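*Asks:* First the structure, which I've put down as structure tokens, then a few questions once you've had a look.
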Amino acid sequence: MSYPYQLKSFDDYKQAWQHSVTDPEGFWANVADHFYWRRKWDKVLEWDFKQPEVKWFTGAKMNITENCLDRHLGTLGNQPAIIWEPNDPEERHRVLTYRELYNKVCQFANVLKNNGVKKGDRICIYMGMIPELAIAVLACARIGAIHSVVFGGFSAQSIADRIQDAQASLVITCDGAFRGAKDIPLKSVIDDALMACPSVKKVIVCTRTRTPVSMLKGRDVWWEDEIKAVETQGNPPVPAEEMDAEDMLFILYTSGSTGKPKGVVHTCAGYMVYANYTFINTFQYKPGQVYFCTADIGWITGHSYIVYGPLSAGATTLMFEGVPTYPDAGRFWDIVDKFRVNILYTAPTAIRSLMGFGLGPVNHKDLSSLTTLGTVGEPINEEAWHWYKDQIGKGRCPITDTWWQTETGGVMIAPIAGITPEKPGYATLPLPGIQPVLVDENGQEITGNGVNGNLCIKFPWPGMIRTTYGDHERCRTTYFSTYENLYFTGDGCLRDEDGYYRITGRVDDVLNVSGHRIGTAEVENAINMHAGVVESAVVGYPHDIKGQGIYAFVISELHVKDPELTKKDIMQTVARIIGPIAKPDKIQFVSGLPKTRSGKIMRRILRKIAEGELDNLGDTTTLLDPAVVEEIKRNRI
Ligand code: ATP
Ligand code: MG
């Protein structure tokens, strides 16, 4: 496969960005021309941010799986589409070529049809990271069913909420999942969830751990039995359902770090074009390379950059079942070594946690295949950025720090790897097609460089959210009503003297200390530079004199002998790096931080604790480890 729209130089990037602003429809039509359409569009774009209503490629007919599978069979049929590395390094890995993946997707599409699934039905997928998860996702897309993947670590209550919200009619799950040293009993969690979900008529259970499961007659069936049934029917071919460009492709619930999760809706054509364009350009993927994204398919990162982006580009995508620290903290590096991985895409939280283990697990691993590194999910602090650059990339590999959201469908602001001059801690410049603006509290656009503000986007892009499922008003009020005619991201942002963008954290995480606006990410970045600090989270709390005081929760790798002295040392580091104004007023040492299951710190919970509102912590169902909250509450200062 060749990528005629892959950017080749910084000038090329600048020209493409300019073109995308002066003639957005022409720009995206040129990209879209390289896909397979049953029927091309009548109009590239119609939009109105007030409603909001955004339509890309209206009138076009297509199916995303024909672009991810069918069109590659002729040239790439024998190339690995998915390489799968199991949780246990002793177990054999699996490789699925494009042809094999295509066959399996068609088979499972038949299974879904045999179980009564029709175009437009919502299907909840709750599985571990095995190839069958990708197969299930693609099989839904093939027949026009709308998938809602729920991360295989959520509780029964969180699943029930999501199934009810989407009114899903069928669930695809596994008996269990292996994650590190743990077995997660997925089917049993589903059984609990389904007590509150009358919309679900069928459950398909794929075998993985073979833990005993209850199988309800008439409702629950085994994946493997259903496949056999399809084989006895002679594997009838499954032509892809012809989808309208704006038909729903999937619903995905946000991670819930700022409140109750929202069912973000993405549609077929725009999402496909955007996931593909951003994959090929951000990572500068070259045909034949092995690409490894460590996210779970339960998050948008996995949707766009394990499944749809790479497969639509005919790439080889590596899926890993386990966790970075099992059997030891060298696992990512073993995988890079074993499969000669070229591109690695992971999260700052993973990098920070691996840094805490020192260089032992990195040394003696052959990482020479790596050409490109990426991060996503949170601002990356400078120390972690340099560690990634020097210890993993050996100073040779560009890092692309990609800022984007579930709602944006794909990467929005990021260096084009190896092309955009990088700056640690900066997501740098917008991708072609993306028009960021910074606004002040009154919604006035802040122009010029060297400024701080709330990050908004003023023009539509193909991968953007269309609605929140079943509640369009929530979509309007959350994203399109704060500032007129702008999509509001909820993130604070700095545009520096060079016009480079740096995300400073959520807007409600911007502190106002004695009239100075300070981003939580800035303070955390400084604290993390202090020797021995593994990770930190900073929130504001009411302060009589300063308006807001700074409360820091700090994980330290060393045993802190004299906590009071260490606190003073940390304050000294912050004062040196940012200035005395940013010195935390309170520092609490903790053993862990409350995180969402996608690894994001839930600052809203810490804020409540800092404010002393211990009984009113809000929705905590998406927390990874609720026990740390109890510890933090107990030792509150
Ligand atoms: P919810 O919307 O329910 O609170 P969430 O925002 O955590 O959940 P996501 O869509 O996964 O769910 O996360 C998007 C957010 O992650 C962004 O708005 C931003 O705050 C943060 N983020 C992602 N990538 C980066 C990055 N490279 N740099 C800084 N922040 C990032
Ligand atoms: Mg969000």
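*Asks:* Between the helical axis of 10-22 and the dominant principal axis of the chain, each derived from Cα atoms, what acute angle in degrees is found, rounded to the nearest 10?
*Replies:* The answer is roughly 80 degrees.
*Asks:* Moving to a separate point now. When Lys and Arg each count +1 and Asp and Glu each count -1, what net charge do the other residues less than 15 Å away from Leu73, Cβ to Cβ, add up to? Walk me through the numbers before you get to the answer.
*Replies:* Details: positive: Arg71, Arg99, Lys104, Arg142; negative: Glu66, Asp70, Glu100.
Net of charged neighbours comes to +1.
*Asks:* So what J values fall out for segment 318-329 if you push phi through Karplus, 6.51 cos²θ - 1.76 cosθ + 1.60 with θ = phi - 60°, rounded to Hz, Gly and Pro as x?
*Replies:* After applying 6.51 cos²θ - 1.76 cosθ + 1.60, I find 9, 10, 10, 6, x, 10, x, 10, 10, x, 8, 6 Hz.
*Asks:* Here's another thing I want to ask about it. So how much slack lies between Thr207 and Trp47, counting 0.36 nm per residue of separation and subtracting their Cα-Cα distance, in nm?
*Replies:* On the way: separation 160, 0.36 × 160 = 57.60 nm, distance 4.51 nm.
Stretched out fully, the Thr207 to Trp47 stretch lengthens by 53.1 nm.
*Asks:* Can you compute log10 of I(q)/I(0) for segment 445-532 with the Debye formula, treating each Cα as one identical point scatterer, at q = 0.11, 0.12, 0.21 Å⁻¹?
*Replies:* The Cα Debye sum returns log10 ratios of -0.41, -0.48, -1.09.
*Asks:* Which value does Rg/Rh take for segment 364-415 over its C-alpha atoms, Rh per Kirkwood? Mind showing how you got there, number by number?
*Replies:* Working: Rg = 12.3 Å, Rh = 12.0 Å.
Rounded to two decimals, Rg over Rh is 1.03.
*Asks:* How long are the semi-axes of the ellipsoid equivalent to segment 152-294, from square roots of 5 times the Cα gyration tensor eigenvalues, in whole Å, largest first?
*Replies:* Values: eigenvalues 164, 99, 75 Å².
They are 29, 22, 19 Å, listed largest first.
*Asks:* Here's a follow-up. For Ile587, list long-range residues whose amide hydrogen, built 1.01 Å from N in the peptide plane, is under 5 Å from its own amide hydrogen.
*Replies:* Hits under the 5 Å cutoff: Ala552.
*Asks:* Between rounded, prolate and oblate, where does segment 54-99 land on the alpha carbon gyration tensor, with a ≥ b ≥ c its root eigenvalues, rounded for a/c under 1.5, else prolate if a/b exceeds b/c? Please report the intermediate quantities before stating the final value.
*Replies:* Values: a/c = 6.05, a/b = 2.07, b/c = 2.92.
Because a/c hits 1.5 or more and a/b fails to exceed b/c, segment 54-99 counts as oblate.
*Asks:* I need the Kirkwood Rh of segment 339-469: take the reciprocal of the average 1/r across all distinct C-alpha pairs and report it in angstrom.
*Replies:* Working: mean 1/r = 0.0609 Å⁻¹.
After inverting the pairwise mean of 1/r, the radius is 16.4 Å.
*Asks:* I want to verify the translational diffusion coefficient of segment 36-132 in µm²/s; compute it with Stokes-Einstein, Rh as the Kirkwood radius over Cα pairs, at 25 °C and 0.890 mPa s. Don't skip to the end; give the middle numbers.
*Replies:* On the way: Rh = 16.7 Å.
Rounded to a whole number, D works out at 147 µm²/s.
*Asks:* Computed on alpha carbon atoms, what radius of gyration and Dmax characterise segment 524-637, expressed in Å?
*Replies:* For segment 524-637, the Cα-based Rg and Dmax read 13.8, 39 Å.
*Asks:* Can you work out the Karplus-derived ³J(HN,Hα) for every residue in segment 541-558? Use 6.51 cos²θ - 1.76 cosθ + 1.60 with θ = phi - 60°, whole Hz, and x for glycine or proline.
*Replies:* Once rounded to whole Hz, the list reads 8, x, 10, 3, 8, 8, x, 10, x, 10, 10, 10, 9, 10, 9, 10, 7, 8.
*Asks:* In whole Hz, with x marking every Gly and Pro, tabulate ³J(HN,Hα) for segment 596-607 from phi via Karplus 6.51 cos²θ - 1.76 cosθ + 1.60, θ = phi - 60°.
*Replies:* My calculation for segment 596-607 gives 6, 5, 8, x, 8, 6, 8, 5, 4, 6, 5, 4 Hz in order.
*Asks:* Can you show me the helix-derived [θ] at 222 nm for the chain, built from DSSP H runs with n ≥ 4 at -39,500 (n - 2.57) apiece and divided by the number of residues, rounded to the nearest 500.
*Replies:* It comes out at -8000 deg cm²/dmol, rounded to the nearest 500.
*Asks:* Take Ile83, Ile570 and order them by how many other Cβ atoms sit within 10 Å, fewest up front.
*Replies:* Details: Ile83 22, Ile570 25.
In order of increasing Cβ crowding within 10 Å: Ile83, Ile570.
*Asks:* How big is the equivalent ellipsoid of the chain along its three axes, where each semi-axis is √(5λ) from the Cα gyration tensor, reported in whole Å from largest to smallest?
*Replies:* On the way: eigenvalues 280, 164, 124 Å².
Equivalent-ellipsoid dimensions as semi-axes: 37, 29, 25 Å.
*Asks:* Send over the Kirkwood Rh of segment 56-198, from the inverse of the averaged 1/r over different Cα pairs, rounded to one decimal Å.
*Replies:* One over the average 1/r among Cα pairs gives 16.4 Å for segment 56-198.
*Asks:* While we're on this one: For segment 274-401, with equal point scatterers placed on the C-alpha atoms only and solvent neglected, what are the log10 I(q)/I(0) values from the Debye formula at q = 0.18, 0.20 1/Å, to two decimals?
*Replies:* -0.95, -1.19
Values quoted throughout were computed directly from the atomic coordinates according to the rules given, and no laboratory measurement underlies them. Predicted model only: the values in this text are computed from it and were never measured. Note that we place each Cβ from the backbone using ideal geometry, even for glycine, and neighbour counts take in every protein chain shown.
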